[in-house]
Amino acid sequence: MFRLEAKKPSLCKSEPLTSERVRATLSVLKGVLTSCYGPSGRLKQLHNGLGGSVRTTSQSSALLANLSVTHPILKILTTSVQNHVSCFSDCGLFTGILCCNLIENVHRMGLTPTTAIKLNKHLLSLCTSYLKSEVCGCRIPVNFSSTQILLCLVRSVLTSKPACMLTRKEIEHISTLILRAFLLTIPENTKDHIILGKSIIVPLKGQRVIDSTVLPGILIEMSEVQLMKILPFKKSDSFKVALFRVSLSGDLSDTGEGTVVVNYGVSLENAVLDQLLNLGRQLVGDHVDLVMCQKVIHPSLKQFLSMHHVTAIDRVGVALMEPLSKMTGTQPIGSLSSISPSSYGSVKDLCTEKFGFKWFFHLIPNEETVCSLLLGNRNDTVWDELKLTCETALHVLQLTIKEPCVLLGGGCTETHLAAYIRHQILHWKTREENNTCKYKTLNKPESILKDGWCTQTELQLTTEAFCSALESLTGSLEHDGGEILTDMKYGHLWSVQADSPSVVHWPDLLSRCGCGLYSSQEELNWSFLRSAQRPFAPQPCLPHEAVGSANNLTLDCFTAKLSGLKVAVETANLILDLSYIIEDKN
């Protein structure tokens, strides 16, 4: 007999953020994310205690996918960050750390959650309107006639992922390859809408990073023996291609559900083989030069096609079907019945390539919108990290086409934005009296106070909590005990090494700001990041000569960072607004 237990009542917890255990758990998550942030971030090893592969990484997508969180609040936060990364690939750590900082600061300052949520929304709209404006002092428009800014953007993505274990020379080489691969996906003849091609990353594990290269078209790895069987290729101006997504093995497993009725004395295998050979005759009659199949081709059909000088390639795999269809212009064939002539496509040429110990079948397209990035690295672990980083960089370049601008990186956008918000909110009376306002604000603080849903003290405290969250985020870039400074002209971040003398002539100790745009030799005044300072108006516009002369800027993707800012604030507001958590323990 089975013993029936009474259903347990749901567990209801009020004001979850007042729990010391919850706040401690959030602090641990923040510590994990913070320790990974930036080019000098600490690496994490992800592995199963029972054995299996080990992953070394500092990327949020890998970290959060392997973190098993149980508390609902942590699930909300990690899911929000993962959704952001799945859409934009970049700024996952930025989003998670900023969200934790906002929640922590609201509680540390004793702010009422309802008021903090409303003011956070206002401050977010103030940030987004400024970042999108022409007078933004940390936004650079991208001119696609020059690759300088794009190359800096790719280099910044690679530099921020230390687990790739790349030298400076290797970073320069891979950055150039990624940009070249991206440019190959842009069609030459475009009208109103640009439809980008695809970059395929081909593994060369065990090869040197410096041996990585980019080739137009698609490379399919094959053994030397397989290649010798299909060589030589018939020479022509172009090669007619048929692409099959259905199995050509003669197996009946793809017939679907139902009953197959076979007459007495009929050999099912022979009937299927006859159908395959009839298909082969049609392909030969249609003058097809190359037959490619996602699955398996029957040996008899392969032999028949070879006798008629038709190249047959099987086991292509589902991952290459879309790029092959796009590059060749074929419609993947899904049945063994008669084939429409419109299903065929073409390629410009066929050849073989050898890289290291690997042989490849190379399809060269008529129009170069699909390319292969052959990527090498020392071992499986660092190759996996480099592959993920290259995919991020390629996606970031695609996002830059939609929004042709970038943001200054290295923490300078965050410190500049914090200075701008403080000046707009905390110093608005002085600005109006002196008539020194250089910006257009979304809403004046005076109008917020007149609405009556917050006091001036609450406005000041929430603004300070918001700005402090941004500045604490930039402080996370320093992992070696150094100090962070900001200048009082541009509001940029400057890093000082640990054990520096307390009294010093700053220009002798500092070199360039975090993004690399400004030099310490300018006439600037600095202050420590976390020190009390009078609100000041940061330089509103970037000087064109400064941007044009900088060849090694640290940059962030505009679209990804703007989305990360929105997700961080909205997720923090959602968590702050939670009054009860109801858990079913059955």
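A few notes on this one:
- This model, with +1 at the C-beta of Lys and Arg and -1 at the C-beta of Asp and Glu, gives the chain a dipole about its Cα centre of some 500 debye.
- In the assembled protein chains, Ile401 presents an accessible area of approximately 50 Å² (probe radius 1.4 Å).
- Its relative contact order, with pairs defined as Cα atoms under 8 Å and 6+ residues apart, puts segment 95-230 at 13 percent.
- Net charge dipole, segment 17-126: roughly 120 debye, given to the nearest 20, about the Cα centre with Cβ charges of +1 for Lys and Arg and -1 for Asp and Glu.
- Per-residue 3J(HN,Hα) values for segment 111-119, derived from phi via the Karplus relation 6.51 cos²θ - 1.76 cosθ + 1.60 with θ = phi - 60°, read 7, 6, x, 4, 5, 4, 5, 4, 6 Hz in sequence order (x marks Gly and Pro).
- Rg(Cα)/(2.2 N^0.38 Å) for the chain, N = residue count: 1.20
- Accessible-area order (highest first, 1.4 angstrom probe) of the listed residues Met165, Met292: Met165, Met292
- Against the chain, whose longest principal axis is taken from its Cα atoms, helix 558-576 shows a tilt of about 60°.
- Reachable aspartates and glutamates from Lys229, criterion Cα separation under 16 angstrom, eight or more residues apart if same chain: Glu221, Asp289, Asp314, Glu353
- The phi-based Karplus calculation (6.51 cos²θ - 1.76 cosθ + 1.60; θ = phi - 60°) puts the 3J(HN,Hα) values of segment 203-213 at x, 10, 5, x, 8, 6, 4, 5, 7, 4, 8 Hz, whole numbers, x for Gly and Pro.
- Once the Cα atoms are used to define both axes, helix 380-402 deviates from the longest principal axis of the chain by about 70 degrees.
- Reachable lysines from Lys348, criterion Cα separation under 18 angstrom, eight or more residues apart if same chain: Lys198, Lys234, Lys235, Lys240, Lys326
- Rel. contact order, % - alpha carbon contacts under 8 angstrom, at least six apart, segment 218-367: 36 percent
- Degrees between helix 168-184 axis and first principal axis of the chain (Cα, 0 to 90, nearest 10): 60 degrees
- All lysines inside 26 Å of Lys8 as judged from Cα atoms, apart from same-chain residues fewer than 8 positions distant: Lys75, Lys585
- For segment 98-229, the share of accessible area belonging to carbon and sulfur comes to 53 percent (1.4 Å probe, ligands and nucleic acids excluded).
- Over the chain, Cα pairs under 8 Å with separation of 6+ residues give a relative contact order of 26 percent.
The values are calculated or read from the model by the stated rules, or taken from the named source; none is laboratory data. Predicted model only: the values in this text are computed from it and were never measured. Don't worry about glycine lacking a Cβ; one is built from the backbone with ideal geometry, like all the others, and counts go over all protein chains shown. All accessible areas refer to the heavy atoms of the entire protein, side chains included, with ligands and DNA or RNA removed. Shrake-Rupley method; radii C 1.70, N 1.55, O 1.52, S 1.80 Å.
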